[in-house]
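The values are calculated or read from the model by the stated rules, or taken from the named source; none is laboratory data. Being a predicted model, the structure only gives us computed values, none of them experimental. Here the Cβ positions follow ideal geometry from the backbone for every residue, glycine too, while neighbour counts run over all protein chains shown.
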Amino acid sequence: MKKLLRVVGALLVLGAPAYWWLFVESHEPTGTFALELAELRRLASSLPGEKPLALHVEHVASFEFPSVAVMAGAGWSNTTLPVFSYQLVFPGRTLLIDTAMDEATAQGQHATFYDSAAWARLDAAMGTAERIVVTHEHFDHLGGVSTHPKAALLAGKLELTRAQLQDPSKQDPLRFPEAARAKLPPLADQPARALAPGVVSWSAPGHTPGSQLVFIQQADGEEFLLLGDVAWHRSNWEQVHERARLLTWFFLGEDREAVLRQLAAIKALSAQAPGLHVVPGHDGEVMTSLISHGFVHAQFRD
Ligand SMILES: [Zn+2]
C-alpha cells in the first residue's frame, strides 16, 4: 500500500507540471509582430477600381473540440468550431476567401455538422468568382478547392503564396493536386500585398507557414480583418492567450511564440481602430453578431 501511494505521489509530482505545461500554460509574448493600420489602409487604396460592396459568408461545416484546444486552461467541455467561406462582392465580380471542404472530407474528419446547400452555393461561387485566396493551407480552408473535380480549372484564379505550398503535410489529409499546381498563377512572396481594391493580405506565418491575415475596406468604409486561424475565437486575441500547447506543439506544429506576438498585435490594432470588425477563424458567436448587425450577409450571392 505504501509503495502504491509512493507511485501515485510520484505521478502527481511529475504529472501536475506536465499537465500545466501541456494544457494550461500561455504567456505574454516576447518581441512584437508588425501589423500597421496605416500600411493596411494605404495598400487597400493602392489599386484603382471600386472597393467591395458587401461581405457574404457561408457556414459549411462544424467540428467539436474540447475548449482547452481553443484556449489553454479553458477546461474539457466541448466547444463548436464552425467552418466558414467568405465572398466579397464587387460591382460585377466576386472574390472568395477560404473554401471550407467537401462533404467527404468533412465526414472523414468527423465533422458534427455539414450543410450541403451551403456547399452547393460555395461550389457555384468558386465557378463564378474572379479570384480565390485562402488564409492558410489547412484542409478546412484550402480543401474545398483542392478536392474540387475542376481543381485544375479553378487553379487559374487561385492565388496561393509560396509559403502555402511549402510544406504539403500542412494540408493533411489532402494534397493540392499536381495537375492543378501546374495551372496556378505565379506564387506570391510579398509579406503584404493589395489583392484587389480594398483587399490586402498580410503575411502572418506561425499557425502555418502560409498563414495570412486579410484586411478588407469596403466602399461604405466598413473594415474587417479576417484572422484565418491565428485565432480560432475572439478570446484568443482579446486575452492574448493561445491554444493548449499539446495541440500547437504536437498536432499543429505551430510556432507558438509567433502566434502569441500576432495575437498581441491584433489586440493593439483593434484598440487603434475601434470600428474594425476582427473576425477569428472559427467563432460562431462573432459571426452571428456580425450577421445580426448587418455587417456580414448570411449566404453567398448568386
Ligand atoms: Zn481552420
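Of the strands (runs of 3 or more DSSP E) contained entirely in the stretch 97-211, those carrying at least 3 residues that are farther than 23 Å from THR79 by Cα and either in contact (Cβ under 8 Å) with a residue 60 or more places away in the chain or among the basic types (Lys, Arg) (or both) fall at 192-196, 199-203.
Collect the residues in the stretch 235-289 that are of a type in the set (A, V, I, L, M, F, W, C) and at positive phi, keeping them in residue-number order. Hit for the stretch 235-289 is VAL240, nothing else.
Of the residues ASP189, ASP220, the single one that is at pLDDT below 95, over 17 Å from the mean Cα position of the chain (by Cα) and among the acidic types (Asp, Glu) is ASP189. Residues in the stretch 230-252 that are more than 13 Å from the ligand (Cβ to nearest atom), out of contact with any strand residue (DSSP E or B) (no Cβ under 8 Å at 6 or more places or on another chain) and among the charged types (D, E, K, R): GLU238, GLU242, ARG245.
Among the residues of the stretch 258-302, which ones are surrounded by fewer than 15 Cβ atoms within 10 Å (Cβ to Cβ), part of a helix (DSSP H, G or I) and among the charged types (D, E, K, R)? GLU285 - this is the single residue of the stretch 258-302 that is surrounded by fewer than 15 Cβ atoms within 10 Å (Cβ to Cβ), part of a helix (DSSP H, G or I) and among the charged types (D, E, K, R).
Take the conditions (1) buried (at least 22 other Cβ atoms within 10 Å of the Cβ); (2) away from the ligand (no atom under 16 Å from the Cβ); (3) within 26 Å of PHE215 (Cβ to Cβ); ALA61 misses just one of them, which is (2). Here ASP229 fulfils each of the conditions (1) surrounded by fewer than 18 Cβ atoms within 10 Å (Cβ to Cβ); (2) of a type in the set (Asp, Glu); (3) within 23 Å of ILE132 (Cα to Cα) apart from (1). Residues that are outside any strand (DSSP E or B), in contact (Cβ under 8 Å) with a residue 24 or more places away in the chain, closer than 15 Å to THR99 by Cβ and away from the ligand (no atom under 16 Å from the Cβ) do not occur anywhere in the stretch 220-229. Annotation: of all residues in the stretch 232-245 being assigned to a loop (DSSP other than H, G, I, E, B) and more than 15 Å from the chain's Cα centre (by Cα), the one that is surrounded by the fewest Cβ atoms within 10 Å (Cβ to Cβ) is GLN239.
For the stretch 139-158, taking the residues that are among the aliphatic types (A, V, I, L, M) and within 16 Å of the ligand (Cβ to nearest atom), the one that is nearest to SER169 (Cα to Cα) is identified as LEU142.
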